[in-house]
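Following: one structure in structure tokens, then a few remarks.
The values are calculated or read from the model by the stated rules, or taken from the named source; none is laboratory data. Source: prediction; values computed, not measured. Note: ideal-geometry Cβ built from the backbone for every residue, glycine included; neighbour counts use all protein chains shown. The accessibility values were calculated without ligands, DNA or RNA, using every heavy atom of the protein model including side chains. Shrake-Rupley method; radii C 1.70, N 1.55, O 1.52, S 1.80 Å.
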Amino acid sequence: MNHLEFEAESSFIKAAYLRLEETKTQARTMMEDVLDIGKGGTHQARTERDMVVRSALSRLEQLEIGDQALCFGRIDLVGDEASEEGLSFHLGRVSVASKDQEPMIIDWRAPVAEPFYRATGKDPMGVVRRRHFECRGSELLGIEDEYLGASTFTDEGNPSEGESDDPVEISGAGALFAAIKRPRTSQMRDIVATIQGEQDRIIRHPMAGMLVVQGGPGTGKTAVALHRAAYLLYTHKWRFESQRILVVGPSSSFLRYIERVLPSLGETGVEMATLDSIAGYGPPKKVDPPEAAAIKGGIKMARVIAKGIRDRQRPLQRNFEVPFGAKYLVISPELSRDALLQARKKRQGHNAKRRTVELFLARSLAKSYLSDGPFVREPEADENIVSIAFHAEKLSATQLPGEEDPELIAEVMVSIRRSRAFQLVVERIWPKLTPTQFLGDLYRHEALFHLATNGILDKAEAEVVFAASKKAPNEPDPIWSREDLALLDEASSLLGPTEKGEEDPESFAHMVIDEAQDLSAMQARMLRRRCLSGSMTVLGDLAQAIGPSIRSWEHIAEHLNGNRPFKSFELSVNYRTPKEVMEPASLVLAKYAPELPSLKTLRASGYPVETTKVALDELVESAAKIAMGELHKVEPGTVGILAASALRGDIAKKIESYGDEATRVSIHDPESVKGLEFDSVVVVQPMNLLNDPERSLRALFVAMTRTTQRLHLLTSIDLPKWLVLGES
């Protein structure tokens with residue numbers, strides 16, 4: 001309130017809000033005017049009316065900022081030789097122009113806004129002063145100024161911040177730390193007002209190709225990913241009119257958590273999906289053992305699927321006869337092999353190639369029928385065959401011996417293909433298959449499974465996978481695991497549609513893949529098929545990989561983009577997790593990945609990690625009580641309970657018994673908590689979050705680093721001394 005320019009800035013922001021509302025009103029009026037005209041008129045008039053309505057609706061969506069601040073900053077640039085005063089720009093969520101179309105608020109994604117995020121004391125980028133506004137709606141609450149080149153900015157109110165030997169230069173420290181300390185809700189907020197330089201480099205990186213972002217807990221990976229999506233939509237608007245952006249998250253709870261970020265930035269044309277939902281076969285209903293999951297996710301399974309499909313394309317072992325007219329048409333093993341060879345030459349899916357088999361056989365039989373060739377057998381005297389109706393003459397009156405009549409051959413082919421007996425033989429040679437039929441058959445018939453895996457998986461691997469996947473012969477609805485969904489998608493890509501008109505999976509212009517560190521090779525291939533351009537933003541943290549197979553970014557990228565070069569960035573600053581939590585979490589990290597560097601942690605919360613030991617049968621009730629206690633300490637923030645999957649249900653029931661009071665408490669296992677954050681976290685049985693010891697340590701690191709303030713470890717066994725006492 002004591003700032004010299006407070007009143008002037010306050011009046012400007014109020015005027016910008018007023019102009020924003022006027023712009024919304026103009027868009028609504030324009031839409032209502034064309035709608036009042038009615039649905040009649042020429043085709044051109046209707047087309048123009050629809051374009052106006054779509055344009056108005058799009059503009060209204062862009063201008064809808066909810067309860068977020070319209071304007072959050074300003075930059076003052078160095079003046080030129082002709083003027084001591086340089087230009088100034090107010091920056092905000094959306095662009096706002098005055099009545100005479102002079103810019104009042106510049107969209108944060110515009111090129112002129114880049115120095116607001118990138119300028120530093122060492123490289124001011126022409127910025128003399130960077131100003132941050134704290135607003136509640138149109139009301140200005142405070143101003144923070146930075147004069148670039150003067151010093152490094154830290155949050156002076158926090159004793160641990162800025163103490164590093166290699167201090168981090170922070171843009172708008174006051175606004176940043178205020179945002180970090182703000183209580184969490186069930187929905188993630190955007191960070192458009194507090195984006196830091198290393199984050200902005202990723203957000204504004206060119207769209208083409210693959211960008212891999214490695215970032216530890218609290219570095220803002222998810223926020224960066226979403227802001228990058230908003231930036232690309234703004235910068236490449238026309239590109240996304242025909243193809244959209246797909247954001248892929250690790251769980252449905254994660255997607256619910258981030259679903260309001262892009263709309264708050266004025267962008268709604270983005271599709272969101274989980275890995276489980278992309279394939280389109282419903283959520284997984286079983287969990288594979290880790291060893292089986294690792295094998296199913298491996299690249300060798302692509303060869304197993306391909307070989308399994310090829311195994312279903314089988315030549316006949318003996319002659320099959322099809323009643324036709326007064327004779328039999330004979331389909332021999334040799335003829336069936338010739339049909340297979342013709343089909344396999346085609347660059348189509350399995351089901352589309354079936355038509356080649358069918359046409360080749362029908363044409364061969366038709367020609368033989370019309371010329372008494374080798375594929376026709378006369379019935380014996382005592383045979384009574386059931387013939388199909390066919391009344392064409394074998395040779396036209398004008399046709400010379402040895403000549404072919406294309407029309408007559410085509411007519412005979414139609415009749416042959418209508419024969420049920422003929423179609424049964426074609427099905428035997430080249431069956432029409434859906435992905436679920438194909439994979440279900442593999443899991444039901446051991447002979448088929450071992451034929452498909454022979455020479456690809458070793459005997460032990462094949463037995464592990466089949467034991468985890470086998471299905472009863474009469475099981476009506478197959479139960480699929482998460483790994484099976486990727487295998488079904490692989491099969492779908494090779495089989496193709498079973499009927500005409502079925503569409504291929506949608507291809508997206510750009511794909512954002514968050515928490516990608518646990519992608520298997522088969523899941524990566526599933527995503528790659530939906531982004532044919534190869535334009536992707538891939539984000540994750542190898543330290544938080546808890547899947548059955550731990551990989552490198554090079555390995556993941558190999559299957560995502562087919563060995564094409566990719567660009568990589570690393571986020572190095574942990575803005576979220578307090579020092580009190582990161583110190584013991586770093587000890588956990590050092591136990592399973594000592595080669596990974598620790599992050600720079602900017603802040604302390606003032607709350608040491610708490611540990612409680614109880615009897616095994618008291619875990620559930622204690623977890624609920626501790627969580628409720630934490631709820632009051634972080635009011636009005638959120639509390640997350642992290643526990644093994646086996647404990648989630650019992651803890652959830654206990655929490656529900658507290659009624660509405662517990663609505664800000666949520667229960668997760670290590671898989672479902674990826675990407676989420678809470679003001680306080682209670683970790684139940686920290687040393688046993690997963691069955692595998694090493695993976696359990698990885699899960700513990702993930703669990704501990706979900707908090708922004710407080711952490712409580714609840715256990716029924718003694719925790720290791722290295723964790724409790726901070727020993728190496």
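The figures follow:
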item	result
Percent RCO, i.e. relative contact order, over the chain, from Cα pairs under 8 Å lying at least 6 residues apart	14
Heavy-atom accessible area per residue - region 608-728, 1.4 Å, Å²	42
Share of carbon and sulfur in the accessible heavy-atom surface of region 430-561 [1.4 Å probe, %]	50
Simple spin-label estimate for Lys99 and Asp617 in nanometres, 7 Å along Cα-Cβ	7.8
Top positive-direction residue, dipole computed over region 407-542 with Cβ charges, set Gln517, Tyr443, Ser533	Tyr443
Most to least accessible of Val609, Val634 (protein chains only, probe 1.4 Å)	Val609, Val634
Sequence of His632, His227 when ordered by accessible area, the most exposed leading, probe 1.4 angstrom	His632, His227
Heavy atoms of Asp288: accessible area, 1.4 Å probe, square angstrom to 10	10
FRET efficiency estimate (nearest 0.05) - Cβ-Cβ, Glu291 to Glu411, R0 41 angstrom	0.10
Among beta bridges that DSSP assigns inside the chain, antiparallel share in %, nearest 5	40
Spacing of the two label points (7 Å from each Cα toward its C-beta) at Ala644 and Trp722, in nm	2.1
Surface per residue (accessible, 1.4 Å probe) for region 479-523, Å²	34
Cα gyration tensor shape for region 511-573, rounded if a/c is under 1.5, else prolate or oblate	oblate
Most to least packed among 520-528, 367-375, 711-719 [average Cβ atoms within 10 Å]	520-528, 711-719, 367-375
Heavy-atom accessible surface of region 182-262: percent carbon and sulfur, 1.4 Å	51
Inter-label distance, nm, simple model (7 Å from Cα along the C-beta direction), Leu87/Tyr147	2.5
For Leu439, net neighbour charge (Lys/Arg +1, Asp/Glu -1) across residues whose Cβ lies under 10 Å away	-1
Of all accessible heavy-atom area on region 589-728, the percent that carbon and sulfur account for (1.4 Å)	51
